[in-house]
Every structure is written in structure tokens, then in C-alpha cells.
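The values are calculated or read from the model by the stated rules, or taken from the named source; none is laboratory data. From a predicted model like this one, the values you see are computed outputs, not experimental measurements. We place every Cβ from the backbone using ideal geometry, glycine too, and count neighbours over all the protein chains shown. Areas reflect the complete protein model, heavy atoms only, side chains present, ligands, DNA and RNA absent. Shrake-Rupley method; radii C 1.70, N 1.55, O 1.52, S 1.80 Å.
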Amino acid sequence: MAAVPGSVKQFLAVAVPVVLNFVVFLILAACLVINGGKNSRIVAPHKPKSKVGQAKGVCSWLSAVIGLSMKDVEDGGGLEAVLQVKRLQMRIRMCFVWMLLGAPIAAVYALNPLGGETELGFDRITFQNANHLHKNTGIHSNGDRWWKNLALVVGAYLLPLLALPIVDSYDEEATELMAEDAIRAPLEHYAVMITGLDDHARDETKLKNVFESALGAGSVLGVELVRDLSVKPDGIFDEAESSSVTSKLASSGPGGVRQRFAALAAAFKAAKRADLALEASKEATESKMPKVPTKSPEEVQGDAYSKVAKKQEALNRALALESKKTGAAIVMFASIAKATAAATAPLGLRHSWTVSPSPEPRDILWPILEKLPVSQGEIDQKASVGARIKTSLYVFWALILAGLVIAAQFILKIADQNLSGGLKTLIELISGLVPTLIASIMMSLVATILRAVNAATRFDCWSESKLQLQTQRDFVTFIQMIGFIVPLLGTSLFSGISEMGGRPLKIFSLIAGNVPVVAYYFAMLCLVKMAVFLNASTRFVPWIVFHVMNKLFCKTDFEREALFKAKPANFAPWTGWETFVFLVAAVYTPVAPYATAIAWIYLSLAVIALKLQVAVVDKTPFASHGASWRVGVQQTVTVVFLANALHIGILLFSNNLIHFVCTLPVLAIDSFFAAKFDHRYKTKNVHGKAKGRLPLVEASNLDKTRPDHLIQQAADAVQSNKLFSPQQAVNLASPYLFDTLAQGEDITERQIQMRAWEDRYNSPEKLPVVALEAPNKQAAGDAEAKDVA
């Protein structure tokens, strides 16, 4: 072991525990979790009846997980989940091509440099060995060095030429999938969301007149003003009337509908616990009963149900009055074409409004929507606060992450110079494992922090899909700049300063030579994150959490039922780490090809874990109808461009001027594909043309296939069942009220069953989904579209 280079020891210090850790988790899952369907609601909360949930052993579980198809993904998470998986599959294919490209490049680098020393470990198969910049900082030997450096130039060109056509193919396919999804046109496609309404515009009749003056009489089927359910309606007192104003205020209790609903749910839980206590008291012997009970179990039960009745009465009083109007409203139209026109045409430019396609109700974050600022000054102020918080976060994390990498290199250097034997090996192992684990944890926390910052400061993050998309953008930016570039430059600068030996001008060539050396650190980080999602896939941790919660906190069946509920999918952390690993592959394919192989392994396992997550574990209660795909394509092209820019920088600072000049045109290749994808987005993608809705011509053709009376019935159902309302505002006379409270207070799921939208919502009836009209009716569609516009 003493002959093994320090970088290899550090890498093994992470790789070996990762493999052993997953094996242990898999064994524990096989013994305790995966048992023929008995724990199916832990193994597969979203689809407990699936093959994964009903697996009898670890072998059948692995077979079911690996065998998950795109049809399973679509059934479990819809188009959103399908496109998330396809983006990952696209990057796997790109990494596989790069891995094949890297094999001959690694063979070239492995040859000893002419007149140089033999590098060991990972450094032997990197661009640094071809240039022998790490050991020989004097005059370079020429000879075969020129053609070895040419390997980086060729690799830099082939990187986009081999990979970006793959992006082109997947982007074309995704564009068609989004068009097919738009043709289905569920009920929310008939509605738009308006935000930024001032006090004078918060009137249903005024809003209806604004749109019908532009789109024609009868265009609007209904207008629903969004109410602030966190504020108590005027004129409500919760307790007995009192002549004292002070006593009235003191007894007013929780304010708005949302708080009263939560109080009712808590009272209902307490009543159910009182039921259990009464049953237990009847079964207990007299010796086990308290000698001096303050209240009998019957009295406790009666008090509990009396409290339930009071809380429900308080909630009913709040619902009987109109809550405070907010600056948001939902407008439903009589046709898809008119809804598309309202969402895409600049109707709001005459006002200070923002008009956008309405998401489905489950996607809306009602507490955020209700509190949106209206004045531009307040919007700008919040945005400024958010930007300052993010900047401070990035700077703070940059210092810590760079410090961790530099500390690991410093410890490795000291150990190499001053220690020997087992102690040296132990220090080298710890210096690789500990900083990598800390960096992984800290970088993962950023996604949660960014989500909270965006929710509090962004004007446009009032739906789950919008919030996740913005968090994805911010987290990927953080991963690229702070998680990758800063540690890369920090450790390269540290190495250059420590080795320049009184020759300051050599620092640039030393920095360039150290970039390939740092690949092993990023490879270790990839392995750590691989362990995280592999361990999570076994579902052993949720099994532990369930049993601890069940033992210590859950007293009733409906409290246990809440533990089984599938959690909403959160794609931002997945996307961020996936992009980080993809960036490692892109940067190091021509300079340290072994890192690309590790990245490909990571992504290949990650796609299996992601399929498991979106198909049977998590639910996807929102739909951006493919909006996230465009962001993924942009980020993919940006990664390739950034990687090529780093390759050019390495050649420049390592004094390879001819190779540097020859590599500059590669950026034009990246720009060409970026322009091609942008043109497709603007001309073919439904999000580029019509904000995710059918364009006017196609919408007009589809409107002809849907009878007006069905649309009117759907609009009536929206109003009567309050489908475009938060769960606390549903009709509490519904017989489902206490049933839904008993199953985790999720009234939204009952709303879904009542709405006539799509097959995957198990609705009793649905709007017909018909293909577009034949081409011979195109002219009529064109004329109608012009009338609508």
C-alpha cells in the first residue's frame, strides 16, 4: 500500500466505503424491508401494488426496479417525469460516447513524456503527464510532446461534434411529446392566471369585461378572485358574544380559513385519540385504572368531540364570509384558442398585470400566491433582497469549498513529506474522505436554501413547477460556478504557488498542469453522491423512520396512514447533481478520461434510481407540460461550452500557443448548436410559441371537436366544487370531510376525484381527447384564429 500514490489512496478511501455501504443497505433491505408486499407502502408509496412494491425478495426487487419502463414512468409522474428521465438518458449517451473518445486519449497520455519522470496513479493518464508540468517546471522537451498535446485539441473538437447531435435528436423528440401533451388540453388549458391586480381591478365583472372586449362576448365562462385564507374575514368572533371589545379580541382565536382548518384537523385527531383511550379503559382491569381520575374517559371523549364541533363551527363562520381579495385571479374561457390568445397576447400591457397560463390547482402554492406583492417597488425590493442573499450564500460556500479542497491537498503534501508507514496511509485516507463528505453535505443544503429564498423573494414562483424550475436554475449555476470552478481554481492556484519555486511567471503553467490532477477529487464527490441515491433506493431509511414515528408519536390509524403518503417529487437536487457529474465528464474527457468513466457509471445508476423515484415512490402533483426541458437543453449546451473554454485555457496557460489558436473555432461549433436549439424552441416548441398551450390555429381546430355544452358543464363543476381553490376552501358539507381528515387531511385528492379532467386522475367522466382536424380544414382554422386574435 505504501507504493500507491496519495491520490489513489484518497480515491479508494471513498470508493470502497461506497460499495460496502450499498451492499450493507441492500442486505438490510432484503432482511427487513423487502418481504413480499408486507411493506409495499414503504417500498413503493405511490404505487404499492406495482411489481416493485410486491417484490418477494431482493432479487425480484432488483429485477423489478431495473425493468421499470417509460410507460411506468409516465403512469407514475406524467410528462414531467418522462422528460426528466429522458434528459438523464440523453446525458448518459453523451457520456458513453465521450468515454469511448477518452480511451485512446488516455493511452496517449500514459506514454512517458520524453525526458520526463514517470507519473504514477491517476496522473499517469492525464494531460498533465503529456506536458510533464508537475515534476518538470523548467524548459519543456519537444519531440513527441507536440502530437500528445494534439490529443487534447482533437478531443476538444470531438466533444461537441459527437455529443450535441445526440442533444438535437432528443430535443426533437421532446418537442413532439410536448405538442402531443398540449393537444390533450386538460381543463386548466381553458384558464389563465392573472397576478398584479390593483385594488380597483379586483372585481369579477371588470375582469370579465376587459377580456370580452378584446375576445368577444361570451368568451369568459367564469372569474375566480384568489382570496387570502390566512387573514380572518371581517365581522367574525369565534366565542360567545361579549360586551367588552377587549374580551372579543382576546377570544378571537386563529384568524383565517387556513388556520381554522388546521385547528379543526388537530381537534379531530385529539377526538380520535380519545376514542382509543375510551376503548383501552373498557378493556383495562380496575387495578390498572387511576385511583383518582380527574375526568373519566367518557368525559374526555365528550370534551374532544365538543371541541371538534366548535372548531368546525368557527371554520364554517369564516367560510360564510368572503375573505380578503388578493392581487390574483383565475379566468376561465369558453375555448382553448381564446385562452391561448389571453395568455400570449399583450392584453395586460394596458394594465400592470401579468397574464400567464394557469397550472392545475395541485401545482399552485396558494399561501405564496395569496401574498404576492402588487406594486413594482415592492417586487423590486424583494428581488433585490433575494439577489443579495444568493450572492452572500455563493461567496460563503465558495470560501468553504475551496478551503476544503486546499486543506485536503495540503494534508496530503505534508503527509508525503513528513510521515511514513501506516500513519501516513491513514492520514491520506482521511484527507480524502472527510473533506469530500463535508463538501457533499454542504452543497446539498444549498438546494433547500435556494428554494426557500425563491419562495420568499421571487414574484413568479407561486406554483410548485415554477418554484422547482427557478431553484433548478439557481442550483445548477451554484454547482457549476461554486461547486466546480471555485474548487478547481482554488486547488490549482494553491498547487501553483507551492511549486513555483521563486519563478512567479511559471504559476500559470503550473495552474494549467494541475487542472487534470484535481479530477480525482471530483470523481470522489461523484462517488459520495452515488452512495446517497443508491442507499435511498433501498428504502431502508424510510422503513426506520416509519417504525420510530409509529412507536413514539402515532396513536391512531389515520396518523399511521399519513406516514405512508407518497411525497411530492423534488427534481431540483436531482438535476443539480446530475449536471455537476455531467460537467465533470465534459471537462475531463480530453484531459483526464478516467473521470468520464466514473461519471458514466454515476449517470447510468442514477437513471435507474430516478425511474424508481418517479414511477413508484414519489408522486408528481404538478405539471409544467415540459417547461423544464428547455432549461435542461440550455444547461447541457452551457456545460459543453464551459468545458471547451476550460480546454482552451489549459492550452493557453501551458504555453501551447499553436494548439490554443487551433482550438478556438470549437466555440463556434457550440454556438451553432445553441442557435439551432433556440430556433427550434421559438418555432416548434409549444412553450416558445404559446407558453405551453396549443397555438391559435391548432387550438381552433381542437375547439371544433369539443361540444360547447361539455365545456360549460366543466366550468360549472369548477365553480360548484371549488376546483380552482386551495383545499381549505372546499365545501365542508361534503361527506368526505372527516374521511379526508382521517387520511392525512388531503382534501386535494378528493377534489381530483371530482374533477372531469384526465384519465390519470380517476375522474368519473372526462372531456374527449381528439386528434387535430384534417389538413383540408386548415383554412377555416386559420380564419377563426385571426378572428380570435
>> Please compute the modelled spin-label separation between Leu423 and Leu399, points set 7 Å along Cα→Cβ, answer in nm with one decimal.
In response: 3.3
> Given the protein chains as shown and a 1.4 Å probe, how many square angstrom of Cys31 are accessible, to the nearest 10?
Replying inline: 100
> Considering only protein heavy atoms and a 1.4 Å probe, what is the carbon-and-sulfur percentage of the accessible area of region 611-714?
Replying inline: 67
> Order of 58-68, 699-709, 574-584 by packing, highest average Cβ count within 10 Å first?
Replying inline: 574-584, 699-709, 58-68
> Which FRET efficiency, nearest 0.05, do Lys310 and Ser352 yield, Cβ-Cβ r, R0 41 Å?
Replying inline: 0.45
> Where does each of Arg693, Arg184 land when they are ordered by accessible area, with a 1.4 Å probe and the largest first?
Replying inline: Arg184, Arg693
> Protein chains only, probe 1.4 Å: how do Ser384, Ser213 rank by accessible area, largest first?
Replying inline: Ser213, Ser384
> With r defined as the distance between the Cβ atoms of Asp380 and Lys567 and R0 fixed at 45 Å, what FRET efficiency is calculated, to the nearest 0.05?
Replying inline: 0.85
>> If the only charges are +1 at each Lys and Arg Cβ and -1 at each Asp and Glu Cβ, what is the size of the charge dipole of region 352-416 around the Cα centre, to the nearest 20 debye?
In response: 200
> Among Lys555/Lys619; Lys272/Lys551; Lys206/Lys682, which pairs are too far apart, with a Cα-Cα distance over 28 Å?
Replying inline: Lys206/Lys682
>> Give me the 1.4 Å probe accessible area per residue for region 307-368, excluding ligands and nucleic acids, in Å².
In response: 39
>> As a test of reading the structure, rank Leu12, Leu215 by solvent-accessible area (1.4 Å probe, protein chains only), most first.
In response: Leu12, Leu215
> If we sort 465-474, 535-544, 659-668 on the protection proxy, mean other Cβ atoms within 10 Å, highest first, what's the order?
Replying inline: 465-474, 535-544, 659-668
> What order do you get for 75-88, 194-207 when each peptide is scored by the mean count of other beta carbon atoms within 10 Å, highest first?
Replying inline: 75-88, 194-207
> If the limit is 24 Å between Cα atoms, which of Lys86/Lys704; Lys86/Lys691; Lys466/Lys691; Lys47/Lys71; Lys49/Lys567; Lys38/Lys269 go over it?
Replying inline: Lys86/Lys704; Lys38/Lys269
